[in-house]
Amino acid sequence: MNTKSLISALLIIAIAMTLSSVAASVFVYYPLSITLSPTAPDVKLVEGSNAGQADLGGSTITVTITGSTKASITIHPTNERTYYKNVTVIVNTGSATYYGWIKVNTPISANGITAAKLIIKDTSGATVATVDLKSTTLQGGFSIPASGKLFIDIEVQIDSTIDPTTITSGNVASIDLVYSPQSVETPP
């Protein structure tokens, strides 16, 4: 066998070995046991004092709480600035402080709505967080005190030059209240 043939044979063997090592994989399985021990939530949502009260245009401020962890709110703002006070309440029934954020999954995007905010206040009336409902960033960084409450207000501004009844899309925000027993890292 000449040198050229030997190099060709070695090259073919090297390619075959490379292809066979790419196709071969080794998997090792170590057994782990994961136990889920569900617990009742310490942090709950309840209707605020203005839920079910009169709204503009003969409507009602509607707050529907499902299972104490999901809220659906319907309000009826008009031109300029409309402020809704104490629509929903975040209640911590536990004995530990929790740390909260608001994640806006779907922002208010309707033309004509110039601002939409969720304002979170403590029992003294001080603002602990203001959330821009037109932005998808994680917002907040507030604490929910042990055995405490936070009150949710909503502020909406609609351009005075448009008929607010024509806003029929982009007028719904989908948000998550995110909380944790620690504040060292922000949620994903």
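Selection of first residues in the stretch 64-77 that are within 21 Å of THR165 (Cα to Cα) and of second residues that are among the hydroxyl-bearing types (Ser, Thr, Tyr) and in a loop (DSSP other than H, G, I, E, B), restricted to Cβ pairs under 6 Å at least 6 apart or on distinct chains, gives the following pairs, ordered by first then second residue: HIS76/SER59. Here SER72 qualifies as modelled with pLDDT of 95 or more, assigned to a strand (DSSP E or B), touching a strand residue (DSSP E or B) at 6+ places or on another chain (Cβ under 6 Å) and hydroxyl-bearing (Ser, Thr, Tyr).
Within the stretch 169-179, can one find any residue that is crowded, with 19+ Cβ neighbours inside 10 Å, more than 25 Å from PRO41 (Cα to Cα) and out of contact with any Phe, Trp or Tyr (no Cβ under 9 Å at 6 or more places or on another chain)? The answer is no; no qualifying residue exists.
Looking across the stretch 111-127 at every residue that is aliphatic (A, V, I, L, M) and surrounded by fewer than 17 Cβ atoms within 10 Å (Cβ to Cβ), the one that is farthest from ASP42 (Cα to Cα) is identified as ALA115. Checking THR137, THR166 one by one, the residue that is surrounded by fewer than 17 Cβ atoms within 10 Å (Cβ to Cβ) and at pLDDT below 95 is THR137 and no other. Of everything in the stretch 60-110 that's of a type outside the set (Asp, Glu) and on the phi > 0 side of the Ramachandran plot, which residue is surrounded by the fewest Cβ atoms within 10 Å (Cβ to Cβ)? The residue in question is GLY67.
The values are calculated or read from the model by the stated rules, or taken from the named source; none is laboratory data. Fair warning: this is a prediction, and the values are worked out from it, not measured in the lab. Glycine gets a Cβ as well: all are built from the backbone with ideal geometry, and neighbour counts include every protein chain shown.
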